[in-house]
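Chemist: I'd like to ask some things about the structure below.
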Amino acid sequence: MVWQSLNGLWQFRQVGDDIWLAGEVPGGVHTDLLALDRIPDPFVEDNELAVQWVTESDWEYRRIFDVDPELLSEERVFLVCDGLDTLVDVSVNGALIAQADNMFRTYRWDVTSLLTSGANELHMTFASPVRYALHRQAERPLRSVTQAIPGGPYLRKVPSHFGWDWGPQLPAIGIFRDIRLEGLSSVRLADVRLSQIHAESSVRVSASVTVERFEGTDAELVLRLKAPSGIVQDAALQLSAGETCGVLELEVRDPQLWWPNGYGGQPLYGVEVLALEKGLIRDQRDFRIGLRTIELHQEPDEYGISFTFVVNGVPIFAKGANWIPADSFVTRMTDSRLEGLLRSAAAVHMNMLRVWGGGFYEDDRFYDLCDQYGILVWQDFIFSCSTYPEDPSFFHNVRAEAVDNVRRLRHHASLALWCGNNEMEWGWVEWGWSEEYGLSLKSAYDRLFHHVLPEVVAVEDPDRDYWPSSPSSNVPFDAPNSTQAGDTHNWLVWHGMLPFSGYREHPSRFVSEFGFQSLPALQTVRTYAGEADWNMTSYVMEHHQRNAAGNGKIVTYLTDHFRLPKDFESLVYVSQLLQAEALRYGVEFWRRNRACTSGALYWQLNDCWPVASWASLDYFGRWKAAHYAARRFFAPVLLSAEESGTDVELSITSDLTRPWQGVVRWSLEDLAGRVLKNGELKVDVPALGTSSICELSFADDVTAANRRDVILAYELWYDGVCASLGIVTFVPTKHLELDAPGLTWDVASDKDELVIRVSAERLARFVWLDTDEKDVVFSDNFFDLPAGRSVELRAPMVEGWSVESMRRALRVRSLVDSY
């Protein structure tokens, strides 16, 4: 195979204009216009409104190029487009070759007869997705979210491009993935499906290969596998002139198994599949695979029907979050930004991300990184919160899209599940869609998600489970958000305005959505709002809050827990504490009840623009308080407390596959550190289990007179080191008699790390370390530090800084400084 990239410098213009402008591929109209200073940054203030004309217009792109002579010598030459967004007419040298209408498909067109040895022109005309959507919506309304431009479901395009309750209305246009010419002779690898069969001490790896023949000659297929150790194995198969299919197999003895993050390593094997003719390589496919088994176990038990992912025979508690597109303009996502987000997920013990159905099927590099970091992927097909068309052309388009993406992604070790859609079955059952949109669209839903998509998965990826919707009980149109079977979206806190303790009334089999909003870091707010707008009800702050009542809910919950902040910076800080505490309440409860619940994926990990949202990592990847809290509540061994009045139960939950021994220490003390009662227990925790350690009653110790001045501190010790520390208060934090905690700190270095030691004379709630000048990720942050304790924190050495630089820049504050 010979190929020629067509990425790079193109020309583009608005249809009707005379002047061609310089554009970049992969890219899009918005990013090209931004690069030329033709539009303002839509992420700043309300500039989003000033650029709506871009997506309401038609655009054209062209590239004039010479074809490599070697390419022209091949028997067939194909134009391959990995991503066109979305409605586009494609012409080569003036001849219209195709009309594409699905940004999720890979298109391959034979252009052999159209190319010349001289200059060639590739021309694409993109139609406005907004005008198309509004036109179709006027013909027959379809349901989508209220924050979106209407009509989006008519297009196979990122649903959230049209707007969501955390994202702007910025439907992109352009060539957003690689584009190239591929020259082939004799034979092409049309499809390669890798599969594994595991035995006690070996794994059989097979490649089921389908080829396309251009001429009637014999061919040879080769399967080559390279172990992490460097050892290479080969298998070969001869195909006679009329054969188009074959299966190759290799046996791997003493395999190195791939595990989710926290359960073991992530060794990856290299795989090559070659198609040869007369000893020449005519086509080649390369993969990286992990050797592992994965199943979704659903079995009757005392709580209903289980929902547990089992990897290599080990039941996994899924710890993670929901993933949305990391930028409204996806081509701006650099490799380093993407890896930074996924590395941050792995750093807080996450082992699963749900690629949500309102986004898109991510680039290959996303799944490569999930393979590398041990992050399982729950992959939604791209349908969310909407009704969709029922015409045959739509179904044909979706089936081709599903085949394309299942084939592209199925070899990844990280891929755990295919899921039909987000919240649409719930809509048909409980949101009144049946009455509003009729039985014909409900029947179309049934056909697509209970027949078409599971049939594609069964044929193209039979080794993985398919789940019809999220949430779902797996019984069509029956209790889709059940707590007894399937997965649950728990929005009783936030949307339902229940207190954080409301999570404890909601034991579920698997919680695939729950969440709470906060403001992003002040450094992030500065990128879109000037100081004059640093107010929760200012126009700009409300423009960067897409959940209509969101800012009001933050303030309402804030007054339940904390005193009113003294300034905007303190408001940002306290809003993040609220989010962290909300998530902690839920996760700790579900992990304590591991026998019932097998996963907690909060909404959401990341943002697509700078905004107040449910994300724990803001648009720039900055860690909010919730992300630091996740490192604590997702820890492999978790000591947690459940309080009821003056009674407290301490429990330990372990995700370790071996028994664990340690020490639990607790202390009932006042805010100045005077101990009223304390205790110490040696604990033995079973593998993959939860144990109630002790039930403490302080009815005689915590009274109306002292409850504002008393806390319970609980610590988990292992091998002489304090592994975790938490506190229980007996009044809302806003009523604690907090005083200046007498925080002191110092900075030292240890090789390539900064070491910060922080001490407190009195209780310091939610200690916050920060530097205005640099983004620093500390080993812990926003933590409680009871009186008389010290903690040692670490952070990477900041490039260009010394220990003295960090001493000067570091600010250490606690909750009492916020009011």
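Chemist: Subtracting the Cα-Cα distance from 0.36 nm times the residue separation, let me have the gained length for ALA236 to VAL798 in nm, one decimal.
Modeler: 197.1 nm
Chemist: For the stretch 253-262, just list the computed ³J(HN,Hα) in residue order, Karplus coefficients 6.51, -1.76 and 1.60, θ = phi - 60°, integers in Hz, with x standing in for Gly and Pro.
Modeler: Here the 3J(HN,Hα) series is 8, 6, x, 8, 7, 8, 10, x, 3, x Hz.
Chemist: By how many nm would the segment from ASP66 to ARG399 lengthen if fully extended, with 0.36 nm per residue of separation less the alpha-carbon distance?
Modeler: Contour length minus the Cα-Cα distance gives 116.3 nm.
Chemist: Name all residues of the stretch 91-130 having a backbone nitrogen under 17 Å from the label point set 7 Å from the Cα of ALA35 along its Cα→Cβ direction, giving them as ranges.
Modeler: From the stretch 91-130, the list is 124.
Chemist: For a label point 7 angstrom out from the Cα of ASP89 toward its Cβ, which stretches of the stretch 120-149 have the backbone nitrogen within less than 16 Å?
Modeler: Once the point is set 7 Å along Cα→Cβ of ASP89, 122-129, 132 turn out to lie under 16 Å by backbone N, inside the stretch 120-149.
Chemist: Could you order ASP234, ASP58 so the one with the most accessible surface comes first? Probe is 1.4 Å.
Modeler: Ranked list, largest accessible area first: ASP234, ASP58.
Chemist: Give me the base-10 log of I(q)/I(0) for the stretch 555-595 at each q in 0.16, 0.34 Å⁻¹, Debye formula, one uniform scatterer per Cα, rounded to two decimals.
Modeler: At q = 0.16, 0.34 Å⁻¹ the computed log10 ratios are -0.47, -1.12.
Chemist: Round to the nearest 0.05 the FRET efficiency obtained for THR527 and GLU435 when R0 = 30 Å and r is the Cβ-Cβ distance.
Modeler: About 0.10, to the nearest 0.05.
Chemist: Any idea how far apart ILE97 and SER749 come out in nm if each label point goes 7 Å out from Cα toward Cβ?
Modeler: For ILE97 paired with SER749, the spin-label model returns 5.7 nm.
Chemist: Let me ask another. Run the quick spin-label model on THR559 and THR112: label points 7 Å from Cα toward the beta carbon, then report their separation in nm to one decimal.
Modeler: Reported label-point gap for THR559 and THR112 is 7.4 nm.
Chemist: Okay, next question. Expressed as an acute angle from 0 to 90° and rounded to the nearest 10, what is the orientation of the C-alpha long axis of helix 335-347 relative to the principal long axis of the chain?
Modeler: Tilt of helix 335-347: around 40 degrees.
Chemist: Which value results when the Cα radius of gyration for the chain is divided by 2.2 N^0.38 Å?
Modeler: This ratio for the chain stands at 1.01.
Chemist: Which value, in Å² rounded to 10, gives the accessible area of THR646 with a 1.4 Å probe and all protein chains present?
Modeler: 30
Chemist: If you don't mind, there's one more thing I want to ask. Given points 7 Å out from each Cα along the Cα-Cβ axis, report the GLU455 to GLU243 separation in nanometres with one decimal.
Modeler: That separation, rounded to one decimal, is 3.0 nm.
Chemist: Another question, if that's okay. Relative contact order for the stretch 458-507: what is it in percent, counting Cα pairs under 8 Å that are at least 6 residues apart?
Modeler: It comes to 22 percent, rounded to a whole number.
Chemist: Carbon and sulfur together cover what percent of the accessible area of the stretch 446-519 at a 1.4 Å probe radius?
Modeler: Taking all protein chains in place, the stretch 446-519 shows 54 percent carbon and sulfur surface.
Chemist: Relative contact order for the chain using alpha-carbon pairs under 8 Å, separation at least 6, rounded to a whole percent?
Modeler: Relative contact order for the chain comes out at 9 percent.
Chemist: Could you compute the FRET efficiency for ARG343 and ASP218, with r as their C-beta to C-beta distance and R0 at 41 Å, rounded to 0.05?
Modeler: Efficiency for this residue pair is about 0.30.
Chemist: Relative to the compact-globule scaling 2.2 N^0.38 Å, provide the ratio for the alpha-carbon radius of gyration of the stretch 640-716.
Modeler: Its radius of gyration relative to the 2.2 N^0.38 Å reference: 1.22.
Chemist: May I ask you to evaluate 6.51 cos²θ - 1.76 cosθ + 1.60, the Karplus curve with θ = phi - 60°, for each residue of the stretch 588-600 and list the ³J(HN,Hα) values in order in whole Hz, giving x for glycine and proline?
Modeler: With coefficients 6.51, -1.76 and 1.60, one gets 4, 5, 5, 6, 4, 9, 4, 4, 9, 9, 10, x, 9 Hz.
Chemist: State which entries of LYS157/LYS442; LYS157/LYS624; LYS226/LYS319 exceed 26 angstrom in Cα-Cα distance in the structure shown.
Modeler: Cα-Cα > 26 Å for LYS157/LYS624; LYS226/LYS319; rest within.
Chemist: While we're looking at this one, here's another question. In square angstrom, what is the accessible area per residue of the stretch 1-102 with a 1.4 angstrom probe?
Modeler: About 44 Å² of surface per residue is accessible.
Chemist: By accessible area of protein heavy atoms, probe 1.4 Å, what ranking do ARG108, ARG38, ARG354 get, highest first?
Modeler: ARG38, ARG108, ARG354
Chemist: Solvent-accessible area of GLU531, probe 1.4 Å, all protein chains present, reported in Å² to the nearest ten, please.
Modeler: 140
Chemist: Given the Cα-Cα distance of ASP335 and ARG131 and 0.36 nm per residue of separation, how much length would full extension add, in nm?
Modeler: Gain on stretching ASP335 to ARG131: 70.1 nm.
Chemist: Let me ask another. Estimate the FRET efficiency between ASN678 and ARG658 by the formula 1/(1 + (r/R0)^6), using the beta-carbon distance for r and 35 Å for R0, to the nearest 0.05.
Modeler: 0.75
Chemist: Once the whole set of protein chains is in place, how much accessible area is left on PHE620, using a 1.4 Å probe, in Å² to the nearest 10?
Modeler: Accessible area, nearest 10 Å²: 100 Å².
Chemist: From largest accessible area down, sort TYR503, TYR619; use a 1.4 Å probe on the protein chains.
Modeler: Largest accessible area first, the list is TYR619, TYR503.
Chemist: Given a 1.4 Å probe, how much area per residue of the stretch 446-520 is accessible, in Å²?
Modeler: I get 31 Å² per residue for this part.
Chemist: Could you pull out every residue, at least 5 positions away or on a different chain, whose amide H is within less than 5 Å of the one on VAL187? Hs are placed 1.01 Å off N in the peptide plane, and Pro or chain starts have none.
Modeler: Residues meeting the amide H criterion: PHE214.
Chemist: Rounded to the nearest 500, what is the chain's calculated 222 nm mean residue ellipticity when only DSSP H runs of at least 4 contribute -39500 (n - 2.57) each, over all residues?
Modeler: -6000 deg cm²/dmol
Chemist: Dipole of the chain, Cα-centred, from +1 at each Lys and Arg C-beta and -1 at each Asp and Glu C-beta, to the nearest 20 debye?
Modeler: 1020
The values are calculated or read from the model by the stated rules, or taken from the named source; none is laboratory data. Quantities reported herein were computed from a predicted structural model and do not represent experimental measurements. With ideal geometry, Cβ positions are generated from the backbone for all residues, glycine too; neighbour counts draw on all protein chains shown. Calculation scope for accessible area: heavy atoms of the full protein, side chains included, ligands and nucleic acids excluded. Shrake-Rupley method; radii C 1.70, N 1.55, O 1.52, S 1.80 Å.
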